[in-house]
Amino acid sequence: MPDLIYVSERKIYGRLGMRAAAQRGIQGTIKIPQFADVTSSATWNDSESSASHALVEKARQKIERELFPVDLTETNLLPNQWIRFDLAMAQVAVHEDSGRPPEDVALFVGSVSDSSVERARDIRVLLCGSVRHLRTHAISGGRMGSDTTWLHDMILEVEDREESGVNVIPEFLGEILPIRKSQRLMESTVQGLYGWLDRRYPLSTRGRLRGHAVVLMDIDDSSWVDRLVVATPLYVEALPKETSDSRSRRSIWNRNSGGGTL
């Protein structure tokens with residue numbers, strides 16, 4: 001079974017209208033994925049999330065059955081749209097640029113090749129949420145970086161709105177900021193943050209993560225070489241590293257289930 005490493009219960013209860021049976025703490029053993037380098041300097045609190053694997057699976061089925069999610073590679077994604085993702089990603093926890101630990105924002109970064117265009121480019125993915133939803137410690141990333149205070153505040157504002165039962169993300173994210181920012185400035189800041197994380201955590205540090213998320217921004221115009229999808233996740237689960245033996249067993253199972261012969 002994949003390890004749940006991030007679960008936003010507010011999305012399950014608020015956006016999906018689901019409820020869990022009374023629980024006492026987190027059920028099962030919490031495992032730290034092999035790809036996550038745990039630092040001794042991590043200072044954030046342990047996750048308060050207690051949603052079970054069974055509840056998250058029901059949420060996944062409800063999204064697929066009723067909310068028509070699309071792959072993150074789909075074009076022209078809109079705020080509030082559900083997407084599914086499955087790719088190699090790095091996991092990091094950060095705090096506001098001018099502030100101090102504990103880290104309060106959880107970020108996940110990764111990319112996939114875009115085969116729908118003639119020139120080669122990547123579809124970059126930045127998932128952002130609260131460390132309250134983490135099931136395991138992430139790499140401690142320190143400050144988010146210059147000019148990102150508004151982004152830090154916006155991420156937590158989205159979380160606070162969900163806590164208050166407001167589950168709709170504005171078409172223009174600047175509407176929920178104390179001081180309005182231009183769309184161009186917002187796009188530049190997010191692209192810069194992604195670039196920093198992408199360089200800091202290369203492919204060798206990443207593991208395969210999958211889940212469902214709600215779109216915040218789809219930055220895709222001629223001003224940028226690569227496209228960037230920014231979203232807030234419902235859940236993120238880590239799949240174990242695949243070995244040659246597991247690939248062989250899956251290949252045999254696929255042939256048998258399809259009526260093939262060994």
Close pairs from the stretch 78-92: first within 18 Å of ASP220 (Cβ to Cβ) and without any contact (Cβ under 8 Å) to a residue 24 or more places away in the chain, partner assigned to a strand (DSSP E or B) and not hydroxyl-bearing (Ser, Thr, Tyr), Cβ under 9 Å, at least 6 apart: none
Within the stretch 204-262, restricting attention to residues that are touching a strand residue (DSSP E or B) at 6+ places or on another chain (Cβ under 6 Å) and of a type in the set (S, T, N, Q), which residue is modelled with the lowest pLDDT? THR205
Of these, ASP153, ASP147, ASP220, which one is touching a residue at least 24 places away in the same chain (Cβ under 8 Å), among the acidic types (Asp, Glu), surrounded by 14 or more Cβ atoms within 10 Å (Cβ to Cβ) and in contact with a helix residue (DSSP H, G or I) (Cβ under 6 Å, 6 or more places away or on another chain)? ASP147
Could you give every pair whose Cβ atoms fall below 8 Å, whose first residue belongs to the stretch 156-167 and is touching a residue at least 12 places away in the same chain (Cβ under 8 Å) and within 8 Å of GLY14 (Cβ to Cβ), and whose second residue is in a helix (DSSP H, G or I) and of a type outside the set (D, E, K, R), counting only separations of at least 6 or pairs across chains? GLU162/GLY14; GLY165/GLY14; ASN167/GLY14
Which members of the stretch 81-135 meet the condition of being within 27 Å of LEU67 (Cβ to Cβ), modelled with pLDDT under 95 and surrounded by fewer than 16 Cβ atoms within 10 Å (Cβ to Cβ)? SER113, SER115, SER116, ASP122
Filtered residues of the stretch 158-173 (kept if under 15 Å from VAL215 (Cα atoms) and assigned to a helix (DSSP H, G or I)): VAL158, GLU159, GLU162, LEU173
What tally of residues in the stretch 217-239 results from selecting those that are within 16 Å of the chain's Cα centre (by Cα) and over 14 Å from THR75 (Cα atoms)? 9
Pick from ALA21, ALA36: which is crowded, with 16+ Cβ neighbours inside 10 Å, modelled with pLDDT under 90 and farther than 17 Å from ARG132 by Cβ? ALA36
Residues of the stretch 174-194 being surrounded by 15 or more Cβ atoms within 10 Å (Cβ to Cβ) and either of a type in the set (Phe, Trp, Tyr) or in a loop (DSSP other than H, G, I, E, B) (or both), which ones? LEU177, LYS181, TYR194
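The values are calculated or read from the model by the stated rules, or taken from the named source; none is laboratory data. Note that the coordinates shown come from a computational prediction; the quantities given were computed from them, not determined experimentally. Neighbour counts are summed over all protein chains in view; Cβ atoms, including those assigned to glycine, are modelled from backbone coordinates with ideal geometry.
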